[in-house]
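Down below is the structure, laid out as structure tokens.
The values are calculated or read from the model by the stated rules, or taken from the named source; none is laboratory data. Everything numeric in this text was worked out from a predicted model, so none of it was measured. Positions of Cβ are backbone-derived with ideal geometry, glycine not excepted, and every protein chain shown enters the neighbour counts.
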Amino acid sequence: MKNIVILISGGGSNMAAIVNAARREDWAEKWGARVAAVISNRADARGLLFARELGLATEVLEHKTFASREAFDEALAGVIERYDEPGQPALLVLAGFMRILTPGFVSRYAGRLLNIHPSLLPAFPGLNTHQRALDAGCKFAGATVHQVTADLDYGPILAQAVVPVLPGDTADLLAARVLTQEHQIYPRAIAELLQKR
């Protein structure tokens, strides 16, 4: 069984979209894949409640208790490895995981580490993407699913969704419309990747 491990820091809406798609589309039957665990760097992440209600394994690893990013990432890798199957290393999915990962961690999971970013990369990497798009006068915004590399919000693009910027948009209004598209393209990109493997 190919295990999918999802990392979150907050509400987990993208995680929920992925879990729901995996069950609805029966990824276990189609591709021998399942969401095996949800890991958060925050004990108060609301997404953990949803995951527990669905009977998923959950883990909390508070980043603030570690002296360095490297120490946190090493401990995180140790937790993830509990869900690796022999010959079937876990697919690692970042879903609102608000931590910059070290190059060593990214290298360790190269080719199986995915992220979603709320902009049409390569435009607006980093934070405050929606306000930056509005400030730049963009006519379109969107979201990007990509493989993670050591460069922030960079890596091979797997899927994108385009959302028009409407008159009177605020960052919050635009973010809400982009999020609905994230919930569609992230599960689809993962499913396509599983199908290829």
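Here Tyr186 meets each of (1) farther than 18 Å from Val19 by Cβ; (2) not in a strand (DSSP E or B) with one exception, condition (1). Within the range 19-38, the only residue that satisfies the criterion of being more than 16 Å from Leu54 (Cα to Cα) and part of a strand (DSSP E or B) is Ala33.
For the condition surrounded by 13 or more Cβ atoms within 10 Å (Cβ to Cβ), among the polar types (S, T, N, Q) and within 21 Å of Ala22 (Cα to Cα), what is the one hit in Thr144, Thr129?
Answer to the selection: Thr144.
Can we say Val162 is over 30 Å from Pro103 (Cβ atoms) and assigned to a strand (DSSP E or B)? It is true that Val162 is over 30 Å from Pro103 (Cβ atoms) and assigned to a strand (DSSP E or B). Filtering Gly111, Gly142, Gly96 for residues that are touching a residue at least 24 places away in the same chain (Cβ under 8 Å), part of a loop (DSSP other than H, G, I, E, B) and in contact with a helix residue (DSSP H, G or I) (Cβ under 9 Å, 6 or more places away or on another chain) leaves a single hit, Gly96.
Condition check for Gly104 on (1) more than 28 Å from Arg69 (Cβ to Cβ); (2) outside any strand (DSSP E or B): one failure, at (1). For the range 163-193, filtering for residues that are under 30 Å from Ala90 (Cβ atoms) and out of contact with any Gly (no Cβ under 8 Å at 6 or more places or on another chain) leaves 15. Quick check: is even one residue across the range 167-175 of a type in the set (Ser, Thr, Tyr), free of Cβ contacts under 8 Å to residues at least 40 places away in the same chain and crowded, with 16+ Cβ neighbours inside 10 Å? For the range 167-175, residues of a type in the set (Ser, Thr, Tyr), free of Cβ contacts under 8 Å to residues at least 40 places away in the same chain and crowded, with 16+ Cβ neighbours inside 10 Å: absent. Taking the listed residues Glu25, Glu70, Glu53, the one that is more than 15 Å from the chain's Cα centre (by Cα) and surrounded by 14 or more Cβ atoms within 10 Å (Cβ to Cβ) is Glu25, with no other qualifying. Would you confirm whether or not the range 39-46 contains a residue that is touching a Gly at 6+ places or on another chain (Cβ under 8 Å), assigned to a loop (DSSP other than H, G, I, E, B), free of Cβ contacts under 8 Å to residues at least 60 places away in the same chain and buried (at least 22 other Cβ atoms within 10 Å of the Cβ)? For the range 39-46, residues touching a Gly at 6+ places or on another chain (Cβ under 8 Å), assigned to a loop (DSSP other than H, G, I, E, B), free of Cβ contacts under 8 Å to residues at least 60 places away in the same chain and buried (at least 22 other Cβ atoms within 10 Å of the Cβ): present. Can Gln195 be described as in a helix (DSSP H, G or I) and modelled with pLDDT under 95? Judged against the criteria, Gln195 is a match. Remark: pairs (first residue in the range 63-87, touching a residue at least 60 places away in the same chain (Cβ under 8 Å); second residue basic (Lys, Arg); Cβ separation under 8 Å; 6+ apart in sequence or on different chains) = Glu85/Lys2. Checking the stated criteria, Ala71 turns out not to satisfy the condition of being within 20 Å of Gly11 (Cβ to Cβ) and either assigned to a loop (DSSP other than H, G, I, E, B) or of a type in the set (Gly, Ala, Ser) (or both).
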